[in-house]
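Okay, structure first, notes after.
The values are calculated or read from the model by the stated rules, or taken from the named source; none is laboratory data. Note that this is a predicted model, so its numbers are computed, not measured. Cβ sites come from the backbone with ideal geometry, for glycine too, and all protein chains shown count toward neighbours.
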């Protein structure tokens, strides 16, 4: 069986035992870029933890998380691309930053869509919860919120 060739007709350099040689470590600037991407991606998810049901503040927090996730994704992808161009190893943490940023972008996008579709219902629910002093009042708020969502989606009659 003939040996496998890399794209472009070149064989990868062989190391001991016929295995491909390990790539040299990435430049410090790329390592720092990947670390910054990981940090910003974690901040994106941490921003979603600060989520509050009050619509005005919540939209700003979700937009922050979306922008932080997009920035982290850009930093991680450019770090990996530059490492590939310079033929060095992928910077440590860049794949984790890409995954975490993708999750943050997805969650923030879903939350923004929910605010766009159900902003009034969420705002009413938040106001109701802030004035509820007992468990029964909180359950009543949830029941009203659930019925309002059902009407908005069209599961029950028109409202």
Pick from 69, 47: which is under 16 Å from residue 112 (Cα atoms), in contact with a helix residue (DSSP H, G or I) (Cβ under 6 Å, 6 or more places away or on another chain) and modelled with pLDDT of 95 or more?
-> 69
Of the numbered conditions (1) modelled with pLDDT of 95 or more; (2) closer than 30 Å to residue 121 by Cα, residue 36 satisfies every one except a single condition; which is it?
-> (2)
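Yes/no matrix, rows are residues, columns are (1) touching a strand residue (DSSP E or B) at 6+ places or on another chain (Cβ under 8 Å); (2) modelled with pLDDT of 90 or more; (3) surrounded by 14 or more Cβ atoms within 10 Å (Cβ to Cβ):
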residue	(1), (2), (3)
90	no, yes, yes
104	no, yes, yes
114	no, no, yes
120	no, no, no
125	no, no, yes
129	no, no, yes
158	no, no, no
Does the range 8-20 contain at least one residue that is modelled with pLDDT of 90 or more, surrounded by 11 or more Cβ atoms within 10 Å (Cβ to Cβ) and out of contact with any helix residue (DSSP H, G or I) (no Cβ under 7 Å at 6 or more places or on another chain)?
-> no
Which one is surrounded by the fewest Cβ atoms within 10 Å (Cβ to Cβ), of the residues in the range 52-66 that are at pLDDT below 85 and touching a helix residue (DSSP H, G or I) at 6+ places or on another chain (Cβ under 6 Å)?
-> 52
Please give the helices (runs of 4 or more DSSP H) falling wholly within the range 48-159 in which 2 or more residues are under 30 Å from residue 24 (Cβ atoms) and in contact (Cβ under 8 Å) with a residue 60 or more places away in the chain.
-> 94-131
